[in-house]
Amino acid sequence: MLPNVVVGGGIVGLAVAKALQELDPDRSTVLVEKEPAVALHQSGHNSGVIHSGLYYTPGSLKARLVLQGSQELRDYCTEHGIPFDVSGKLVVATRPDDLIKLDNLLARGRQNAVPVRPASLDEVSEREPALRVLGALVVESTGRVDYRTVAAVLADEVLSRGGTIRCGEPVLSVTTTAGEVRVHTDKDVIVAHRVAVCAGLHSDRLARASGIDPGVRILPFRGEYSELVPARADLVRGLVYPVPDPELPFLGVHLTRGLDGVVHVGPNAVPALAREGYSWRAFSAQDMAETLTYGGTWHLARKYGRVGAHEVSRSLFGRSMLREAREMLPDLTAADLRPSMSGVRAQAVAQDGRLVDDFLFWRAGAVLHVLNAPSPAATACLPIGAHIAQELLTPAATG
């Protein structure tokens, strides 16, 4: 009996493998990952927030799956003894024109069935004494977890159910010939029953190598964080977010205290010079050539050039991030911050420069490609995995 195959060992790929084992238990499952271990990219480089679903377009896959995923993830962590908490978060307005955006965000959150409410300034002071804001929302369902731990537990579960995880084996393409699906790696050809391609930063490239024009290109954006020095970590008690720009998929500079007590400040969002470019020193000629020859890149640059220049300046000189954080946290000084982690977001961009806002999947017979699954995909990983597995195993969806 041919196996079900998952390409990509991030948290979404692991959740898909788990769901395939549950829905098709008599068939073996093989997960193939190019890195020497799972969860080494987006799944292992993030702020560790369990998102609530506040920001997303009502009725979108993001809005539906993250609301479900937040509860399922908390249940999964409880079942498997994974440390987490539900601390809630504040979304704050620091300028008069932010108050209208805050009201709009409150309405959107209620449309999405998110438990969100206005907070008085007295409550803000009680929760976060160092903040100085004009208004705020409280989202009680937001939590914190280490997604690398979640991914490790998912991998152990896949293995305990008899699945196979093949690390250090890049997949080159997935082809279908005469009804036979073949996963071509740099070491082998795996003949498969069904294939889910969850390749993250390389999802569009693998789709094209497999003979599919996905209609989008992955453009990598690096998010760089600073962190508060330990002596000043008490400036922030929990999770504090600014009101986001509704025109952008990024949430702005926020303050997040992790389970380990480290307070991260950021991120910015700058174009990365490589798909796995975690610093300005990381450069890939192939990745940059694909970015610069894509028409959508230039449409995007024309639309967001000023915003992009600001983000690059913030990355290179740092003072801008400090200024933005000080709008919420006026006692913050440059001496309170030190460099911290960075992550790379795989953002799908359409030919016209439109940033793809929702999760995006492409079904081609017995193969399903995940073409856009940025944040909050980690929070929503379990229902995303079930959604993909159900779609993939539905015979009516095949050619």
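Beta carbons closer than 9 Å, at least 6 apart along the sequence or on distinct chains, pair a first residue in the range 347-364 that is more than 23 Å from Glu391 (Cα to Cα) with a second that is assigned to a strand (DSSP E or B) and small (Gly, Ala, Ser) for Leu355/Ala348.
Of the residues making up the range 106-121, those that are under 12 Å from Lys89 (Cβ atoms) and part of a strand (DSSP E or B) number 2. Within the range 34-61, restricting attention to residues that are farther than 26 Å from His184 by Cβ, open to solvent by less than 40 Å² (accessible area, probe 1.4 Å) and among the polar types (S, T, N, Q), the residue that is farthest from the chain's Cα centre (by Cα) is Ser60. Here the condition is being assigned to a helix (DSSP H, G or I), of a type in the set (Val, Ile, Thr) and out of contact with any Cys (no Cβ under 6 Å at 6 or more places or on another chain); of Val124, Val91, it holds for Val124 alone.
Specify the residue that is nearest to Asp122 (Cα to Cα); the eligible residues are those in the range 154-165 that are outside any loop (DSSP other than H, G, I, E, B) and open to solvent by less than 30 Å² (accessible area, probe 1.4 Å). Applying the filter and picking the extreme gives Leu154. Look at Ala335 and say whether it is within 21 Å of Gly266 (Cα to Cα) and out of contact with any Asp or Glu (no Cβ under 7 Å at 6 or more places or on another chain). Against the criterion (within 21 Å of Gly266 (Cα to Cα) and out of contact with any Asp or Glu (no Cβ under 7 Å at 6 or more places or on another chain)), Ala335 qualifies. Remark: Val133 falls outside the filter, which requires a residue to be farther than 30 Å from Glu157 by Cβ, in contact with a helix residue (DSSP H, G or I) (Cβ under 7 Å, 6 or more places away or on another chain), open to solvent by less than 10 Å² (accessible area, probe 1.4 Å) and not small (Gly, Ala, Ser).
Taking first residues from the range 103-121 that are more than 17 Å from Pro244 (Cβ to Cβ) and open to solvent by less than 80 Å² (accessible area, probe 1.4 Å) and partners that are outside any strand (DSSP E or B) and of a type in the set (Asp, Glu), the Cβ contacts under 7 Å between residues at least 6 apart in sequence or on separate chains come to Pro115/Glu140.
The condition of being buried (at least 20 other Cβ atoms within 10 Å of the Cβ) and touching a strand residue (DSSP E or B) at 6+ places or on another chain (Cβ under 7 Å) holds for only one of Ala233, Ala196, Ala209, that being Ala196.
The values are calculated or read from the model by the stated rules, or taken from the named source; none is laboratory data. All of these numbers come straight from a predicted model, not from anything done at the bench. Every residue, glycine as well, gets a Cβ built from its backbone with ideal geometry; the counts of neighbours run over all protein chains shown. Heavy atoms of the whole protein, side chains included, go into the accessibility calculation; ligands, DNA and RNA do not. Shrake-Rupley method; radii C 1.70, N 1.55, O 1.52, S 1.80 Å.
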